[in-house]
Amino acid sequence: MQQRLERQIEKSRELSWYEHLLVLLQMGASIEHALMVQYLYAAYSLRDDVEQARRWREILLLIAREEMGHLLTVQNVLALLGGPINIDREDYPFHTPFQAFPFQLERLTHGSLACYCYAEMPVGLEKDCPEQYAAIRAAAEAHVEQQGESFGDEVEGDEVRHVGELYHRIVEILGDPEKIPDHCFVDAAFGQMSWDDWGRSYRGEPAPKTTTAEVAAQTGSERANLFISKVTTREQAILALAQLSEQGEGLVAVEELLGGSNILRAVRPYIQSTKTEEKSHYERFHAMYEELRNHKDASEFSWNVPFNPSSDYSENRCSAHASAGRTKIESRRSRRWAGLFNVRYRMLLTWLLHALALTRRHPPPATAHLRGQIIHRVFGEMYNLKAIAEILVKSPLKDDQDLTDLQNPKSPRAGPPFEMPFRVALPPNERDTWRIHREAIATSQELCKKLLSDKKHACAVETRPAARNYLAALMQADRGALEWINAVFDGLR
């Protein structure tokens with residue numbers, strides 16, 4: 001397995017080192033996106049009526065927010081190199097080189113948490129704490145094998161990796177001026193996102209009323225360190241990736257880079273100075289892992305949400321192999337909520353891509369002044385996804401279930417599918433981009449109307465007062481958004 005992966009990730013003779021570096025950076029962006037989604041799904045699976053589960057939920061949400069910062073930092077490095085924007089990820093189930101483990105949405109368990117620990121594990125742990133390293137790796141490998149067998153996939157347990165290996169490879173190439181000459185870098189910080197754009201505006205969610213001050217202090221939920229760095233030079237790009245890795249996955253074997261170029265040897269002292277006292281993702285995950293090990297039944301902390309939920313019943317969208325790795329949401333009402341979730345997820349990605357594209361375009365288009373409002377839309381859709389996810393995990397998986405059945409935490413429930421559109425891309429024409437935004441809102445409005453009232457399928461109509469109130473508020477907010485979009489659209493004639 002290791003040799004096969006090494007063959008897949010070595011540079012092709014048909015690519016220059018510059019092209020190979022762009023491939024690795026785009027792979028990094030996809031992996032950061034995938035990790036963020038998996039952590040969010042695990043967070044939403046945790047029960048809100050169990051104090052310890054609420055605390056773990058806040059930790060997972062904090063880490064997911066920081067992964068968003070990692071995704072944007074990788075986009076900045078791509079911008080410095082003049083590479084294309086990438087916020088795509090593969091749909092499940094899939095596994096690519098450098099992927100920590102096969103992408104899958106699942107509730108928080110001993111096995112899934114072991115995978116998160118191994119993915120974010122710092123370099124050298126196998127030497128410093130061999131017993132800890134061996135136990136986590138064995139648990140992660142066993143979990144991957146078990147999940148593969150459950151859905152008929154031939155997945156080997158050694159398909160678990162440190163994500164930091166990817167950044168080690170990227171830094172190694174970036175630090176070699178013979179492979180990446182100076183002319184490969186775009187001048188200044190044009191086209192890059194900053195903390196002022198995203199970190200200052202995104203304060204994170206307030207602690208829930210059920211969370212105590214002690215829990216908030218333990219999780220740091222109100223102090224998420226959203227790391228987003230502009231990079232203007234080769235050295236700054238290396239430092240940004242090192243800081244990103246230090247917060248999350250851990251840069252692989254920085255000491256080994258000493259034998260590399262003069263640039264890497266010169267940057268090394270600054271890499272060490274970027275270390276902070278804040279807990280890394282691995283440290284947070286490992287603390288959760290140790291706590292969860294004290295409980296034989298991890299399911300007591302989470303709702304019985306499905307493995308890789310899907311709202312799609314079409315026979316043409318995916319192959320039989322891909323369908324085998326999904327759990328279809330059979331309840332018509334829940335499936336509509338899942339469809340609404342997918343629409344809003346697609347809207348979030350489209351708004352994010354639009355904000356990135358406006359930053360990169362030169363000369364700036366006529367709508368460049370709207371970038372701040374577009375970023376605000378991204379944040380708005382984050383909250384919409386959270387609200388819909390919380391409704392889905394308290395909705396039935398099958399039609400023959402009723403709401404009283406859901407009083408039992410072990411009753412099968414639906415879950416947020418996070419299904420990707422065919423491709424996240426925008427047309428070159430700015431007016432056409434705004435048309436896409438408008439059509440997505442129209443699709444969302446139609447789904448909301450069906451959930452509120454449907455004469456053909458009364459069983460699919462939402463009856464819970466809180467959920468109906470959310471739908472009404474969402475439709476009202478969308479009507480205001482449509483007025484704004486139509487005004488922009490008309491102004492581009």
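The values are calculated or read from the model by the stated rules, or taken from the named source; none is laboratory data. The structure displayed is predicted, hence computed values, not measured ones. Don't worry about glycine lacking a Cβ; one is built from the backbone with ideal geometry, like all the others, and counts go over all protein chains shown. To get the accessible areas, we keep the full protein, side chains included, count just its heavy atoms, and leave off ligands, DNA and RNA. Shrake-Rupley method; radii C 1.70, N 1.55, O 1.52, S 1.80 Å.
Of all residues in the range 450-460, which are surrounded by fewer than 17 Cβ atoms within 10 Å (Cβ to Cβ) and either under 13 Å from residue 339 (Cα atoms) or among the polar types (S, T, N, Q) (or both)?
453
Give the range 437-465 a look and list any residue that's more than 25 Å from residue 376 (Cβ to Cβ) and part of a helix (DSSP H, G or I), or say none.
Listed by number, the residues that qualify are 449, 450, 451, 452, 458, 459, 460, 465.
For residue 113, are the conditions met, namely being modelled with pLDDT of 90 or more, open to solvent by less than 20 Å² (accessible area, probe 1.4 Å) and farther than 18 Å from residue 281 by Cα?
no
What is the residue count in the range 391-427 for residues that are open to solvent by 70 Å² or more (accessible area, probe 1.4 Å), closer than 20 Å to residue 312 by Cα and either of a type in the set (Gly, Ala, Ser) or in contact (Cβ under 8 Å) with a residue 60 or more places away in the chain (or both)?
4
Which ones in the range 461-491 are at pLDDT below 95, surrounded by 16 or more Cβ atoms within 10 Å (Cβ to Cβ) and out of contact with any Ser or Thr (no Cβ under 7 Å at 6 or more places or on another chain)?
462, 489
Which residue, of 69, 124, is within 16 Å of the chain's Cα centre (by Cα) and modelled with pLDDT under 90?
Of the residues listed, the single one that is within 16 Å of the chain's Cα centre (by Cα) and modelled with pLDDT under 90 is 69.
Hey, among 339, 325, which residue is open to solvent by less than 60 Å² (accessible area, probe 1.4 Å) and either aromatic (Phe, Trp, Tyr) or at pLDDT 90 or above (or both)?
Just one listed residue meets the conditions, 339.
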